[in-house]
1. Identify, from the list B:Thr83, B:Thr102, B:Thr24, the residue that is at pLDDT 80 or above, β-branched (Val, Ile, Thr) and outside any loop (DSSP other than H, G, I, E, B).
2. Determine whether A:Thr15 is open to solvent by 10 Å² or more (accessible area, probe 1.4 Å), polar (S, T, N, Q), more than 25 Å from B:Asp20 (Cβ to Cβ) and within 12 Å of chain B (Cβ to nearest Cβ).
3. Just to be sure before I move on: is B:Arg44 more than 30 Å from A:Asp119 (Cβ to Cβ), at pLDDT below 75, within 12 Å of chain A (Cβ to nearest Cβ) and open to solvent by 80 Å² or more (accessible area, probe 1.4 Å) in the structure I sent?
4. Going through segment A:128-153 one residue at a time, which ones are open to solvent by 50 Å² or more (accessible area, probe 1.4 Å) and more than 19 Å from A:Val32 (Cβ to Cβ)?
5. Scanning for something in a loop (DSSP other than H, G, I, E, B), within 23 Å of A:Leu6 (Cβ to Cβ), at pLDDT 90 or above and under 18 Å from the mean Cα position of the chain (by Cα), does segment A:143-162 turn up at least one residue?
6. Among the residues of segment A:105-113, is there at least one that is open to solvent by 20 Å² or more (accessible area, probe 1.4 Å), at pLDDT below 95 and at the interface with another protein chain (Cβ under 10 Å from one of its Cβ atoms)?
7. As an exercise: evaluate B:Phe8 against (1) at pLDDT 80 or above; (2) touching a Pro at 6+ places or on another chain (Cβ under 8 Å) and give the number of the one condition it does not meet.
Amino acid sequence: MAAHDLELAALVAATGDRHAFGQLVARYQTLVRAMLTRMTGNHALADDLAQDAFIKAYRKIGTFTGAGSFKSWLCRIAYTEFLQAVRKRKSAAAAMERFTAHQDVLGQAQNWDSGDAMDLDRALSHLSEVERNVIVLCFSSGMSHAEAADITGLPLGTVKSHINRGKAKMRAILEQKEAV
Amino acid sequence: MTDQDDKFDASLRAAFEKADAQITPDPQFNARVESRLARVVNPRTLLLSGAGASGSALAMSQMERLADGLTFHSQFLTWIFDTIGPQSIIAVVFALMAVSFTFLLPGKRI
């Protein structure tokens, strides 16, 4: 039977066991990479940030108290890595240049299919950074609104507002596209 | 929340699921993380090394008094004691203790 996250985290915190941490990496790598891919829109950058996030998680695992889920704790670290990467690039606009590029091709005729990742990313590109982040956290990473608030450091009501606004924008974009 | 909202939520969730399904588990990713982990210096190891070194330095300053009352019945031990000197012997003993703590406390395998 696979060890519980909390048991593995405790083992890593107590002994620095890299094999145990490797199990956590294997368990959560797709979640973290997917979250960062949707936030950055760049697979290579997302993988680099995900690696940095796991290394930081290994270093800071002693601070994981088990009060929340390991997944939520890890996503918070990954989100912080993402924000730092954005700041390093001086501005969110520079870090999100892919999104700008995608806006140019948004008008191309193509019906929205719920499985079309390109269309999803294009719709995401029309959201503000914070709207995109909370939408990704809740819809891609499966976080609750409260967990998204905890990860982003925003008040719960603000998170809900951003999600509602983000969804409304995405809905308008995707339905408009569907109508073309 | 209206039915239409619920429908759109479900549709959006499905879209994310399908898009994220394209990101498959990558064994190379694990290997890269584990290779970087091998190079991570445990801050606790550094802290313990520092503490061990400080303790050894403190102990060395008290060594002369510690070795004053030592007498050996074995000629060999007396010869070692006279040749190497009490300071060096006790320094080695404390250094070994410090190294042991440094490796044992963080659970690091030698």
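The values are calculated or read from the model by the stated rules, or taken from the named source; none is laboratory data. Note that this is a predicted model, so its numbers are computed, not measured. Cβ coordinates were reconstructed from backbone atoms using ideal geometry, including for glycine residues, and neighbour counts include every protein chain displayed. These accessible areas exclude ligands, DNA and RNA; they are computed on the full protein's heavy atoms, side chains included. Shrake-Rupley method; radii C 1.70, N 1.55, O 1.52, S 1.80 Å.
1. Numbers: B:Thr102 fails: at pLDDT 80 or above; B:Thr24 fails: outside any loop (DSSP other than H, G, I, E, B).
Going through B:Thr83, B:Thr102, B:Thr24 in turn, the sole match is B:Thr83.
2. Values: open to solvent by 10 Å² or more (accessible area, probe 1.4 Å): yes; polar (S, T, N, Q): yes; more than 25 Å from B:Asp20 (Cβ to Cβ): yes; within 12 Å of chain B (Cβ to nearest Cβ): yes.
The answer is yes for A:Thr15.
3. Values: more than 30 Å from A:Asp119 (Cβ to Cβ): yes; at pLDDT below 75: yes; within 12 Å of chain A (Cβ to nearest Cβ): yes; open to solvent by 80 Å² or more (accessible area, probe 1.4 Å): yes.
The answer is yes for B:Arg44.
4. Residues satisfying the conditions are A:His145, A:Ala146.
5. Residues of segment A:143-162 that are in a loop (DSSP other than H, G, I, E, B), as a first pass: A:143-144, A:153-155.
Add one more test, that the residue is within 23 Å of A:Leu6 (Cβ to Cβ), and what stays is A:143-144.
Those still in the list that are at pLDDT 90 or above too: A:143-144.
Checking the rest, the ones that are also under 18 Å from the mean Cα position of the chain (by Cα) come to A:143-144.
Yes: one or more hits.
6. Yes, some residue in segment A:105-113 is open to solvent by 20 Å² or more (accessible area, probe 1.4 Å), at pLDDT below 95 and at the interface with another protein chain (Cβ under 10 Å from one of its Cβ atoms).
7. So the condition that B:Phe8 fails would be (2).
This table checks each residue for (1) within 23 Å of A:Ala146 (Cα to Cα); (2) open to solvent by less than 40 Å² (accessible area, probe 1.4 Å); (3) within 11 Å of another protein chain (Cβ to nearest Cβ).
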{"position": "A:Asp5", "(1), (2), (3)": "yes, yes, no"}
{"position": "A:His19", "(1), (2), (3)": "no, no, yes"}
{"position": "A:Leu24", "(1), (2), (3)": "no, yes, yes"}
{"position": "A:Arg33", "(1), (2), (3)": "yes, yes, yes"}
{"position": "A:Ala46", "(1), (2), (3)": "no, yes, yes"}
{"position": "A:Ala57", "(1), (2), (3)": "yes, yes, yes"}
{"position": "A:Gly66", "(1), (2), (3)": "yes, yes, no"}
{"position": "A:Arg76", "(1), (2), (3)": "yes, no, no"}
{"position": "A:Lys88", "(1), (2), (3)": "no, no, no"}
